[in-house]
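Engineer: After the structure tokens below, expect a handful of questions from me.
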Amino acid sequence: MGNELMRFSVAMPENLLMQFDQLVARRGLAKNRSEVIRDLVREALVEDECAELGREVMGTLTIVYNHHATDLESKLHEIQHRYLGSIISSMHVHLDPDNCLEVIVLRGESGDVRDIANMLLGIRGVKNGKLVTTTTGKNL
Ligand code: NI
């Protein structure tokens, strides 16, 4: 697969094109239509790869919890020790006297990463959280 730029034409409704041009403008002076389309295509390809079972992905899970919640911290630790092969790193931030934020970095098969994240998100006392997955995008 070559890396040279190929031209193609795209047809879309005028209203959609106007909104797209506003998006291009919001992304700054360094971006033009072609660059924003390339960004969107790469984003869609990475998202598609992450959804594919068996694919190796990286994930960052961000959670916010009240550290006074009963058993929460021991459960959080127990799961992280059980899956130490998939959990690469974590960062803990004390937000205020009660709340903590934790960012957990995972790497592994897409289904495993999602399952571990759901286990952590499901711990009673976790207020909110979100998993973001990505790939190396080797071919993009
Ligand atoms: Ni804390």
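Engineer: According to the square roots a ≥ b ≥ c of the eigenvalues of the Cα gyration tensor, what is the shape class of region 63-125, taking rounded for a/c under 1.5, prolate for a/b larger than b/c otherwise, and oblate for the remainder?
Structural biologist: Here region 63-125 falls in the prolate category.
Engineer: Expressed in nm to one decimal, what extension gain is obtained for the pair Asn15 and Val103 from 0.36 nm per residue of sequence separation less their Cα-Cα distance? Write down the numbers at each step before the final one.
Structural biologist: Details: separation 88, 0.36 × 88 = 31.68 nm, distance 3.97 nm.
Taking 0.36 nm per residue and subtracting the Cα distance, the gain is 27.7 nm.
Engineer: Moving on. Return a whole-number percent for the relative contact order of the chain, with Cα pairs under 8 Å and 6 or more residues apart as the contact set.
Structural biologist: Relative contact order, the chain: 31 percent.
Engineer: Pick out which of Glu43, Glu35, Glu52 has the largest mean-square fluctuation in a Gaussian network model of the chain, springs linking Cα atoms closer than 10 Å.
Structural biologist: Of Glu43, Glu35, Glu52, the most mobile in the Gaussian network model is Glu35.
Engineer: List the aspartates and glutamates whose alpha-carbon lies under 18 Å from that of Lys138, not counting same-chain residues fewer than 8 positions away?
Structural biologist: Glu4, Asp39, Glu43, Glu47, Asp48, Glu49, Glu52, Glu56, Glu109
Engineer: Only four residue types carry charge here, +1 at the Cβ of Lys and Arg and -1 at the Cβ of Asp and Glu. Report the dipole size of the chain about the Cα centre in Debye, rounded to the nearest 20.
Structural biologist: Using only the charged Cβ atoms, the result is roughly 300 debye.
Engineer: So what is the accessible area of the chain per residue, in Å², with the probe set to 1.4 Å?
Structural biologist: It amounts to 71 Å² per residue over the chain.
Engineer: Pop out the carbon and sulfur fraction of the accessible area of region 83-127 as a percent, whole number, probe 1.4 Å.
Structural biologist: Summing carbon and sulfur atoms, their accessible area is 53 percent of the total for region 83-127.
Engineer: State whether the chain is rounded, prolate or oblate according to the following rule on the C-alpha gyration tensor (a ≥ b ≥ c being the square roots of its eigenvalues): a/c under 1.5 gives rounded; otherwise a/b larger than b/c gives prolate, and the remaining case gives oblate.
Structural biologist: Note, shape of the chain comes out prolate.
Engineer: So how do Asp21, Asp48 rank on accessible area, 1.4 Å probe, biggest first, that is with the largest at the start? Numbers along the way, then the final one.
Structural biologist: Values: Asp21 55, Asp48 100 Å².
So, going from the largest accessible area down, we get Asp48, Asp21.
The values are calculated or read from the model by the stated rules, or taken from the named source; none is laboratory data. All values derive from a computational prediction rather than experimental measurement. Cβ sites come from the backbone with ideal geometry, for glycine too, and all protein chains shown count toward neighbours. Accessible surface areas use protein heavy atoms only, side chains included; no ligands, DNA or RNA. Shrake-Rupley method; radii C 1.70, N 1.55, O 1.52, S 1.80 Å.
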